[in-house]
Ligand SMILES: [Zn+2]
Ligand SMILES: [Zn+2]
């Protein structure tokens, strides 16, 4: 089958090539890929800046498709089902995180598209436990973005418990920031999305997707805007989705006393200078939110089925698998938010 393979560590080292088709053994489900989204992680792998990618590997972990074969131990998934899948391919199964299905925290987790072959190909295999059936009204294109939406659900609902009446501020207007903003909106919160001058298109999309206010921090005074929009002396919850240390400190600065700051962005260095005096003296809960877990996927698919969020709104361009390189390079150049590869062009 045709696949986009990251061959070795370092910059590029990628090839569009033929590899053997995977087989659906044991509890595995074989999926013919419809769409595969390009994630920031894939761009890091392309640039050679994501150390966890085990090479050679087929990239891609945001996908939808049709089941074409199931292993002998598969019980609830059948050939012809429209599906998406969690990125968890294998876990240790015995650690405290596995026992509570917090698979995002299992130290021995292996992920699709990073440690085992992913979805930028004609087929992928996933374990039955990770596979989710698509509600009938959820499109293949939207379903391919269940993973980033589930990251937003994990942060906005499972970590922050965002609810009606909350005023939230999302720092970073990329794919994850957009997903967090949409989920917070679906929960009834008033949403502010903050970016910089280079984010003008992203901020416009956030506004069109329901944000009450978008802020270009290069030109506008976010402190004054938030003061005007909140009675409690700050927002209830701030989400740091940009990976900029300055944004994290800004988030700590605009949240009210006893508010929450949810850290999702990955900083350039593992140690950063964070305003711990604000955390201490204002009793701010500074909470990490790492990727997603099974419960986040169920909620994400429910939100899509209800029509309260639509992750397909963030799609910038769709490319055939043959044009994978241009799809990657556009995003690497900072153009667009989410490019998607239409691997199975006959599957809509
Ligand atoms: Zn992703
Ligand atoms: Zn485990």
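Comparison of 145, 149, 105 shows that the only residue that is touching a residue at least 60 places away in the same chain (Cβ under 8 Å) and touching a strand residue (DSSP E or B) at 6+ places or on another chain (Cβ under 9 Å) is 145. The set of residues from the stretch 156-171 being surrounded by 20 or more Cβ atoms within 10 Å (Cβ to Cβ) and touching a strand residue (DSSP E or B) at 6+ places or on another chain (Cβ under 9 Å) comprises 156, 159, 160, 162, 166, 167, 168, 169, 170, 171.
I'd like the residue in the stretch 11-43 that is assigned to a loop (DSSP other than H, G, I, E, B) and within 16 Å of ligand 1 (Cβ to nearest atom) and, out of all such residues, is surrounded by the fewest Cβ atoms within 10 Å (Cβ to Cβ).
Start the filter on the stretch 11-43 by keeping residues that are assigned to a loop (DSSP other than H, G, I, E, B), which leaves 11-13, 19-27, 38-39.
With the extra rule that they be within 16 Å of ligand 1 (Cβ to nearest atom), the set shrinks to 38-39.
Details: 38: 28, 39: 25.
Residue satisfying both the conditions and the ranking: 39.
Answer yes or no as to whether residue 181 is in contact with a helix residue (DSSP H, G or I) (Cβ under 6 Å, 6 or more places away or on another chain), more than 23 Å from residue 54 (Cα to Cα), in a helix (DSSP H, G or I) and more than 16 Å from ligand 1 (Cβ to nearest atom). In short, yes.
Of the residues 74, 83, which single one is in a loop (DSSP other than H, G, I, E, B), at pLDDT 95 or above and more than 15 Å from ligand 1 (Cβ to nearest atom)? Walk me through it before giving the result.
On the way: 83 fails: in a loop (DSSP other than H, G, I, E, B).
That would be 74, the only listed residue that is in a loop (DSSP other than H, G, I, E, B), at pLDDT 95 or above and more than 15 Å from ligand 1 (Cβ to nearest atom).
When 285, 300 are screened for being closer than 30 Å to residue 258 by Cα and without any contact (Cβ under 8 Å) to a residue 40 or more places away in the chain, only 285 passes. Under the condition of being more than 30 Å from residue 2 (Cα to Cα) and surrounded by 18 or more Cβ atoms within 10 Å (Cβ to Cβ), the residues counted in the stretch 104-125 number 1.
Somewhere in the stretch 172-183, is a residue farther than 26 Å from residue 333 by Cα, outside the structural domain of residue 325 (by TED's automatic domain parsing) and buried (at least 19 other Cβ atoms within 10 Å of the Cβ)?
First, the residues of the stretch 172-183 that are farther than 26 Å from residue 333 by Cα: 183.
Subsequent filtering for residues that are outside the structural domain of residue 325 (by TED's automatic domain parsing) retains 183.
Remaining after also requiring buried (at least 19 other Cβ atoms within 10 Å of the Cβ): 183.
Yes, the stretch 172-183 contains a residue that is farther than 26 Å from residue 333 by Cα, outside the structural domain of residue 325 (by TED's automatic domain parsing) and buried (at least 19 other Cβ atoms within 10 Å of the Cβ).
The lone criterion from (1) surrounded by 17 or more Cβ atoms within 10 Å (Cβ to Cβ); (2) within 15 Å of ligand 1 (Cβ to nearest atom) left unmet by residue 52 is number (1).
For the stretch 121-130, the criterion of a residue being assigned to a loop (DSSP other than H, G, I, E, B), more than 16 Å from ligand 2 (Cβ to nearest atom), within 19 Å of residue 143 (Cα to Cα) and touching a residue at least 40 places away in the same chain (Cβ under 8 Å) is satisfied by at least one position. The residue that is surrounded by the fewest Cβ atoms within 10 Å (Cβ to Cβ), among those in the stretch 278-297 that are in contact with a helix residue (DSSP H, G or I) (Cβ under 9 Å, 6 or more places away or on another chain) and over 22 Å from residue 177 (Cα atoms), is 279.
So in the stretch 146-175, with the set limited to residues that are out of contact with any helix residue (DSSP H, G or I) (no Cβ under 7 Å at 6 or more places or on another chain) and part of a helix (DSSP H, G or I), which one is nearest to ligand 1 (Cβ to nearest atom)?
147
For the condition within 16 Å of ligand 2 (Cβ to nearest atom), in the same structural domain as residue 25 (by TED's automatic domain parsing) and surrounded by fewer than 24 Cβ atoms within 10 Å (Cβ to Cβ), what is the one hit in 83, 77, 94? Going through 83, 77, 94 in turn, the sole match is 94.
The values are calculated or read from the model by the stated rules, or taken from the named source; none is laboratory data. Treat the numbers as computed from the prediction; the structure is a model and nothing was measured. Don't worry about glycine lacking a Cβ; one is built from the backbone with ideal geometry, like all the others, and counts go over all protein chains shown.
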